[in-house]
Amino acid sequence: METLLAGLVGLLFAAAIYLMLSGVLVRFVFGFVLIGNAINLLIFAAGRMAHTRPPLIPDGQATLTAPAANALPQALILTAIVIGFAMITFLLVLLYRTYSQTGTLDADDDAFLEETGRVAETCTVDSDADADAEVGP
Amino acid sequence: MILLPALPILLPLAVAILLVFFRGDPRRAQAVAMAGAVGHLAVAVALMVEVVRHEVLVLWVGDWPAPFGICLAADMLSAVMVLITAVIHTAVTVYARRDIDAPQVRAGFYPIMQVLAAGVCGAFLTGDLFNLYVWFEVMLMASFGLLVMGPKPGRLAGAVKYVALNLLATLFFITAIGLIYGMTGTLNMADLHAKAAAVENQALLTAAAMLLMTAFGIKAALFPVFFWLPAAYHTLSVPVSAFFAGMLTKVGVYALIRMFTLVFSGVDLALDVLLVIAALTMLFGVVGAASQMEMRRILGFHIISQVGYMVLGLALLTPLALAGAIVYLVHHIIVKANLYLVSGLVRQAGGSFSLKRVGGLYASHGLLAIGFFIPAFSLAGFPPLSGFWAKLLIIRASIESGQYLLAVVAALVGLLTIFSMVKIWSEAFWKAAPDEVDLSCVHPDLSAWMLGPVLALALVTVALGIFMGPVIDFSMAAAERLLDPQAYIRAVLGGLP
């Protein structure tokens with residue numbers, strides 16, 4: 001079972017890295033989603049897989065009496081899933097806003113290069129005038 | 001007080017929640033944020049005092065004993081980092097009173113800033129590897145919020161680079177956590193100290209260590225993964241960039257120090273790689289700065305080169321070198337945050353961040369000139385300012401370890417740093433003001449709220465230089481405890497008090 005999972009994790013990593021290395025940022029998001037899942041599987045497999053009972057202590061006992069499943073990796077994965085979800089959501093919104101500003105999501109495009117993408121010099125100290133003039137979709 | 005190690009995290013988080021209700025009222029929000037920051041500082045000082053008295057303070061959260069529960073552990077390194085965080089947090093919050101405009105306050109500047117401070121302190125205080133990951137994510141999310149906030153257009157391309165590369169770092173981090181858990185069955189850092197050394201498959205352990213090194217290397221902006229930093233930092237609002245410049249890369253450095261002293265004390269390959277990377281980081285950062293004419297871009301590249309010194313101190317791994325790295329951390333955070341705050345004042349007094357379009361500030365703004373002169377030449381390593389001693393310790397440690405080439409590189413990078421600082425000094429302060437200054441951008445009256453933190457931090461820099469003896473003694477003590485972490489491990493694993 002662990003061998004199978006290890007192979008799957010490797011496959012997902014390879015696909016995710018391929019997607020992330022592409023210059024198109026939408027593919028980066030897909031790669032990020034894939035690799036997040038691959039890592040969750042990796043943690044799951046690291047906690048050892050076995051066909052055992054849930055880690056519940058029977059009535060009248062103070063400790064586990066029989067071998068039980070490892071609950072910790074699942075807690076770690078749950079945390080990682082929640083964090084990953086928030087990150088993906090943020091990333092999508094950021095890319096959407098970036099697209100409406102630059103008109104492209106190709107990281108090799110001019111808009112993303114250091115010199116052309118530089119900040120227009122404005123002096124906004126204590127001025128509220130242009131504050132709400134964000135570029136809309 | 002048993003809760004003390006948790007307070008530098010809990011207090012800013014509580015203030016952040018409170019601040020959400022004041023978003024529509026900038027004046028009151030500022031007052032509450034400032035009270036919160038001062039409270040943060042007070043708690044950090046109290047923690048420092050207690051740690052000096054008891055060496056290690058441990059809080060087992062929920063009374064679960066280590067290694068089963070998560071613990072917060074404050075040793076000398078953690079305490080000094082928390083204290084510096086609180087100092088910078090306070091300075092930045094005071095400065096923000098005049099620099100952050102109402103729309104940014106409405107967008108949630110103050111609550112997010114407090115969450116960021118809490119996240120940084122959490123990363124410094126936690127004793128659990130997975131918990132460290134969670135604090136990194138808290139920091140990251142808060143920094144994303146501050147990164148995209150604000151009225152200026154054109155910043156999102158830089159933000160995308162920052163976000164993408166930092167997300168990659170967290171992926172490396174969590175992968176390494178999975179591997180380490182699979183090998184040792186524990187994620188408590190003190191527990192890992194013995195269990196990591198006993199792992200049979202040392203090759204896999206080295207792989208996990210290298211993954212962690214890459215993850216923290218991206219956070220610390222080491223060569224060759226520093227590109228997110230110069231792409232993003234000059235697009236931030238000034239107080240935010242000061243806090244980022246002071247703290248965020250240094251959290252990566254702290255994590256590297258913690259990992260390679262406490263957890264992976266036997267992985268030599270990573271240290272050898274770090275030696276080379278440190279030298280290249282120093283060189284590339286300082287050379288990158290030489291070609292820039294925008295004040296915050298110059299400073300951004302100098303963060304990179306300075307981080308190289310700290311990592312060099314870690315990679316040498318002698319007591320003197322580690323002490324040098326700690327002194328460097330303290331010195332650098334104060335000086336660098338201060339220089340970013342000064343850059344905001346230069347923009348206000350001269351009308352631009354670009355050195356070509358400002359000038360004559362020495363004649364018109366004497367106090368600002370002092371406020372720049374002290375941190376800039378401390379950064380460049382002029383005696384008797386703090387940067388001189390920090391560099392001296394690192395260079396001396398390299399010579400004692402027989403790494404003469406690294407000592408030469410470190411000295412050379414110091415010289416090139418002087419070149420950059422003199423460039424800013426002569427362009428912005430000495431040169432006559434250029435003719436075509438856009439007067440609508442110039443606000444010659446600098447607010448005391450902004451000048452105050454700059455001069456206060458400059459004063460701290462001078463004080464650090466003058467009272468360097470006690471600082472070095474403290475750092476030596478901290479370094480020796482890092483290299484021989486038995487007291488830390490006993491305190492964490494020793495069961496409930």
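The values are calculated or read from the model by the stated rules, or taken from the named source; none is laboratory data. Predicted, not measured: the structure shown is a model, and the values here were computed from it. All Cβ positions, even for glycine, are placed from backbone atoms using ideal geometry, and neighbour counts span all protein chains on display.
Condition check ((1) modelled with pLDDT of 85 or more; (2) among the small types (G, A, S); (3) in contact with a Lys or Arg (Cβ under 7 Å, 6 or more places away or on another chain); (4) surrounded by fewer than 20 Cβ atoms within 10 Å (Cβ to Cβ)) across all residues:
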{"position": "B:A363", "(1), (2), (3), (4)": "no, yes, no, yes"}
{"position": "B:G371", "(1), (2), (3), (4)": "yes, yes, no, no"}
{"position": "B:S398", "(1), (2), (3), (4)": "yes, yes, no, no"}
{"position": "B:S401", "(1), (2), (3), (4)": "yes, yes, no, yes"}
{"position": "B:L405", "(1), (2), (3), (4)": "yes, no, no, yes"}
{"position": "B:T417", "(1), (2), (3), (4)": "yes, no, no, no"}
{"position": "B:M421", "(1), (2), (3), (4)": "yes, no, no, no"}
{"position": "B:D445", "(1), (2), (3), (4)": "no, no, no, yes"}
{"position": "B:M450", "(1), (2), (3), (4)": "yes, no, yes, no"}
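For segment A:40-65, the tally of residues that are assigned to a loop (DSSP other than H, G, I, E, B), basic (K, R) and over 22 Å from A:L8 (Cβ atoms) stands at 0. Set side by side, the residues B:W135, B:W228 differ, and just one is closer than 28 Å to B:G313 by Cβ, modelled with pLDDT of 90 or more, surrounded by fewer than 24 Cβ atoms within 10 Å (Cβ to Cβ) and under 17 Å from the mean Cα position of the chain (by Cα), which is B:W135. Residues in segment A:66-86 that are aliphatic (A, V, I, L, M) and in a loop (DSSP other than H, G, I, E, B): A:A66, A:A69, A:A71. For segment A:14-54, the tally of residues that are without any contact (Cβ under 8 Å) to a residue 24 or more places away in the chain, exposed (fewer than 15 other Cβ atoms within 10 Å of the Cβ) and facing chain B (nearest Cβ under 9 Å) stands at 0.
Go through (1) touching a Gly at 6+ places or on another chain (Cβ under 6 Å); (2) modelled with pLDDT of 90 or more for A:A46 and report which single condition fails. Tallying (1) touching a Gly at 6+ places or on another chain (Cβ under 6 Å); (2) modelled with pLDDT of 90 or more, A:A46 fails exactly one: (2). Looking at B:A209, B:A220, B:A242, just one residue is over 24 Å from B:P485 (Cα atoms) and either more than 18 Å from the chain's Cα centre (by Cα) or buried (at least 22 other Cβ atoms within 10 Å of the Cβ) (or both), and that residue is B:A242.
When segment B:65-80 is filtered for residues that are assigned to a loop (DSSP other than H, G, I, E, B), without any contact (Cβ under 8 Å) to a residue 60 or more places away in the chain and in contact with a helix residue (DSSP H, G or I) (Cβ under 7 Å, 6 or more places away or on another chain), only B:G69 remains. State which residue is nearest to A:Q74 (Cα to Cα) when the search covers only segment A:7-62 and only residues that are under 15 Å from the mean Cα position of the chain (by Cα) and polar (S, T, N, Q). If we take residues in segment A:7-62 being under 15 Å from the mean Cα position of the chain (by Cα) and polar (S, T, N, Q), then A:N40 is nearest to A:Q74 (Cα to Cα). Whether a residue is within 14 Å of chain A (Cβ to nearest Cβ), among the aliphatic types (A, V, I, L, M) and in contact (Cβ under 8 Å) with a residue 24 or more places away in the chain was assessed, and B:L132 passes this test. In this structure, does B:V471 turn out to be among the β-branched types (V, I, T) and at pLDDT below 90? No.
Checked against (1) more than 14 Å from B:L171 (Cα to Cα); (2) facing chain B (nearest Cβ under 9 Å); (3) of a type outside the set (S, T, N, Q), A:L11 meets all criteria but (2). Residue-level check: of (1) surrounded by fewer than 24 Cβ atoms within 10 Å (Cβ to Cβ); (2) in contact with a His (Cβ under 8 Å, 6 or more places away or on another chain); (3) assigned to a helix (DSSP H, G or I), B:S265 misses just (3). If B:H234 satisfies every condition in (1) under 20 Å from the mean Cα position of the chain (by Cα); (2) more than 12 Å from every other protein chain (Cβ to nearest Cβ) but one, which is the exception? Tallying (1) under 20 Å from the mean Cα position of the chain (by Cα); (2) more than 12 Å from every other protein chain (Cβ to nearest Cβ), B:H234 fails exactly one: (2). Can you find a residue that is of a type in the set (K, R) and free of Cβ contacts under 8 Å to residues at least 12 places away in the same chain anywhere in segment B:94-110? Checking segment B:94-110: not a single residue is of a type in the set (K, R) and free of Cβ contacts under 8 Å to residues at least 12 places away in the same chain.
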